[in-house]
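The values are calculated or read from the model by the stated rules, or taken from the named source; none is laboratory data. On a predicted model such as this, the values are computed, not experimentally measured, just so you know. Every residue, glycine as well, gets a Cβ built from its backbone with ideal geometry; the counts of neighbours run over all protein chains shown. Ligands, DNA and RNA are excluded from the accessible area calculation, which covers all protein heavy atoms including side chains. Shrake-Rupley method; radii C 1.70, N 1.55, O 1.52, S 1.80 Å.
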Amino acid sequence: MDAGASITRRPSAKHRPPVTSPAGHALDPLAARLETRGPVVLPALLLCDFGHLAREVERLEEAGAAALHLDVMDGRFVPQLTYGMVVVEAVRRAAKVPLEVHLMIEQPERTIVDYVRAGADILTVHVEALSDPRATLEEISAHGAKAHLACSPATPVERVEPFLDRCDGVLVMSVEPGYGGQRFNPVALDKLAALAEIRRLRNAGYRLCVDGGISTETVGPVAAAGAELIVAGSAVIRAQNYTRAITELEHLAREAA
Ligand code: DX5
Ligand code: ZN
């Protein structure tokens with residue numbers, strides 16, 4: 001279903017890439033890049049200069065970012081409070097590339113429609129925050145966004161396994177959600193490998209994603225374990241040169257994949 005048919009208040013339709021159904025990966029520009037160039041790095045905006053947000057988006061796009069990762073935190077599901085729909089909308093207006101919105105909030109099912117309207121192309125929800133993950137994933141898909149399910153480091157793969165048939169992607173957290181700049185937790189490698197094996201056995205199509213503690217040391221191992229969408233916050237934003245940081249991380253990922 002085309003999200004445009006049901007959404008009237010969407011802020012910047014002219015910048016949105018075509019919305020595809022969950023089965024429509026082949027039509028997705030991000031998917032096309034994955035097929036031709038291997039794993040992609042999604043810069044996380046969390047540590048960027050929010051006083052010059054549009055400029056930061058522009059710099060990241062000029063640096064080759066295939067998509068951007070936005071961390072929404074509510075001060076309840078995680079200790080920190082970041083931003084909500086207003087900022088997502090502002091990024092949507094500034095950006096041409098797809099946006100992944102990572103909801104680290106309690107009861108995310110209450111705001112799915114709002115975040116799709118605000119401009120999320122991929123909406124990522126935590127299994128730990130949901131009473132009915134299947135229903136929420138189905139709702140995300142019904143509104144035309146890609147439905148990704150996230151799991152924190154302590155959450156076993158078995159918690160997401162029953163819902164994989166409804167997932168366009170699975171985000172394995174390699175740090176405790178809540179802060180940028182934390183140390184990578186290698187438990188993510190086993191989980192990525194397990195999810196890659198389940199995907200192979202089931203002939204499923206969900207994307208493998210990882211978030212937290214990505215650096216030039218850890219990007220190779222996550223790509224080797226199967227990660228395709230690799231979120232990098234401090235490794236990009238704290239670098240002097242965004243282009244060099246993204247290019248190097250993607251090069252290392254491609255070599256290892
Ligand atoms: C952590 C966030 C991450 C964070 C990543 O809760 O979900 O997206 O921005 O930052 P780094 O790459 O610095 O760990
Ligand atoms: Zn995140």
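Each peptide in 177-183, 195-201 was scored by the mean count of other Cβ atoms within 10 Å over its residues; highest first, the order is 177-183, 195-201. Backbone phi angles across region 41-46, fed through the Karplus curve with coefficients 6.51, -1.76 and 1.60 (θ = phi - 60°), yield HN-Hα couplings of 9, 9, x, 8, 7, 3 Hz in residue order; Gly and Pro are listed as x. Treating r as the C-beta distance of Leu81 and Leu201 and R0 as 45 Å, the FRET efficiency rounds to 0.65. For the chain, the relative contact order works out to 21 percent when only alpha carbon pairs closer than 8 Å and six or more residues apart are counted.
The residues of region 175-250 have, on average, 45 Å² of accessible surface per residue, using a 1.4 Å probe with all protein chains present. Dividing the mean sequence gap of close Cα pairs (under 8 Å, 6+ apart) by how many residues region 108-151 holds gives a relative contact order of 47 percent. Across every pair of non-identical alpha carbons in region 29-85, the mean reciprocal distance, once inverted, gives a Kirkwood radius of 12.9 Å.
Within the shell defined by Cβ-Cβ distances under 12 Å, the residues around Pro221 carry a net charge of -3, with Lys and Arg each +1 and Asp and Glu each -1. Dividing the mean sequence gap of close Cα pairs (under 8 Å, 6+ apart) by how many residues region 164-220 holds gives a relative contact order of 50 percent. For region 233-250, the Karplus equation 6.51 cos²θ - 1.76 cosθ + 1.60, evaluated at θ = phi - 60°, returns couplings of x, 4, 4, 9, 5, 8, 7, 5, 10, 4, 4, 5, 5, 5, 4, 5, 4, 5 Hz by residue, with Gly and Pro reported as x. Residue separation of Arg110 and Arg33 scaled by 0.36 nm, minus their Cα-Cα distance, works out to 24.5 nm of gained length. Magnitude of the charge dipole for region 123-222, about its Cα centre and with charges confined to Cβ atoms of Lys, Arg (+1) and Asp, Glu (-1), is about 240 debye. The residues of region 29-165 expose on average 37 square angstrom of accessible surface per residue, using a 1.4 Å probe on protein heavy atoms.
In units of the rule-of-thumb radius 2.2 N^0.38 Å, the chain shows an alpha carbon radius of gyration of 0.90.
In terms of the mean number of neighbouring beta-carbon atoms within 10 Å, the peptides 227-237, 145-155 order highest first as 227-237, 145-155. In plain terms, the chain from Thr247 to Glu217 could stretch by 9.4 nm, reckoned as 0.36 nm per residue minus the Cα-Cα distance.
Computed packing ranks the peptides 217-225, 131-139 as 217-225, 131-139, most packed first, by mean other Cβ atoms within 10 Å. Its Cα centre serving as origin, the chain has a Cβ charge dipole (Lys and Arg +1, Asp and Glu -1) of approximately 500 debye. The portion of the accessible surface of the chain made up by carbon and sulfur, rounded to a whole percent, is 51 (1.4 Å probe; DNA, RNA and ligands excluded).
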